[in-house]
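Working notes for the structure below.
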Amino acid sequence: MPQLARKERPIDKQQFLPLLLVLIVLALGLGGRPDLKAQGFNWQYSARMPSDYPTLFLGFSASGNLLDYAGLLAHDEKRRDIIRDEIVCQDCGRFDDGAGEALAFGLRAEHWYSESLAFNLGLRFERLSFSASEELPPQPHQEIGDILTELEFSAVNYYLLIDCYAKQRLFDSFFSVAGGLEAGLLLSESVREVQKITNPPEAFFDDGGQLLQEREVIGNLTAMAGLKLNAVFLIGIDLPLARGFYANPSLLLTVPLLDQARDAAWKASGLGLQINLLYGMP
């Protein structure tokens, strides 16, 4: 298999910073509500019927992230062989960037340490999918000219997530900022690699007499690591729904602290949304 042409497309990890700064400024500008109480809400029925404010909240949490991958995954193609799986080329593929998405849902607990500071603990399941592709050098053909192909790698992984972060209300407003850590334990992974013909349309792979425009590749790609670790940052707003019950939608930014591949540089930064639905325990 011919050597791949490497692409130098570094990922700008600062691309999310302007949006983050804008939201911080917005939250600060809308602050300053001295009449608000603990958790940002006054849940008292009346002055004649006082009740304690809840400090422990339990509920549901869900999030969705768009992921931007950067790193270097090497690929060695293996030839189908009845007797042995023989490697026919070393380091014949390199994926240096990719894109994906992550969806997570599960349970969340929130404890208010003071009127403005809370600590969160989440236990969730996550489905993470991503793909990457690399163009191969043209392969000359006597009759139809150069044949253009690309190598495509896709994966679907499932994780058990545990996250914890501190949440700080901003100037007695409904807005808050939060930061902490998120750890993911890999439960399962599914990987598929194919080589596709992109041009000309009349070109085909001959797979035992069967003409195909894409063929599955048996590769020796670096496996995913059993543990991933991210720093998480959130900017959100608390919205009361009923007495003792509120929603917390947030902008979510994840920054990788460990490589997701076992023996290779492969990190994913994420930007998305998270929503918590929480009920105060009496």
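The values are calculated or read from the model by the stated rules, or taken from the named source; none is laboratory data. Owing to the predicted nature of the structure, the values given are computational and were not obtained by experimental measurement. A quick note on method: Cβ atoms are made from the backbone with ideal geometry, for glycine too, and the neighbour counts reach across all protein chains shown.
Structure above, values below:
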item	result
Wholly within the stretch 181-282, strands (runs of 3 or more DSSP E) carrying at least 2 residues that are modelled with pLDDT under 95 and under 24 Å from residue 103 (Cβ atoms)	227-237, 239-242, 245-256, 266-280
Any pair with Cβ under 9 angstrom, 6 or more apart, that starts in the stretch 110-127 at a residue that is touching a residue at least 24 places away in the same chain (Cβ under 8 Å) and ends at one that is exposed (fewer than 13 other Cβ atoms within 10 Å of the Cβ) and in a loop (DSSP other than H, G, I, E, B)	115/37; 119/113
In the stretch 148-180, residue nearest to the chain's Cα centre (by Cα) [restricted to those that are modelled with pLDDT of 75 or more and of a type in the set (Val, Ile, Thr)]	156
In the stretch 222-236, the residues that are among the aliphatic types (A, V, I, L, M), buried (at least 18 other Cβ atoms within 10 Å of the Cβ) and farther than 17 Å from residue 186 by Cα	232, 234, 235
Selection within the stretch 161-194 - of a type in the set (S, T, N, Q) and surrounded by 18 or more Cβ atoms within 10 Å (Cβ to Cβ)	173, 176
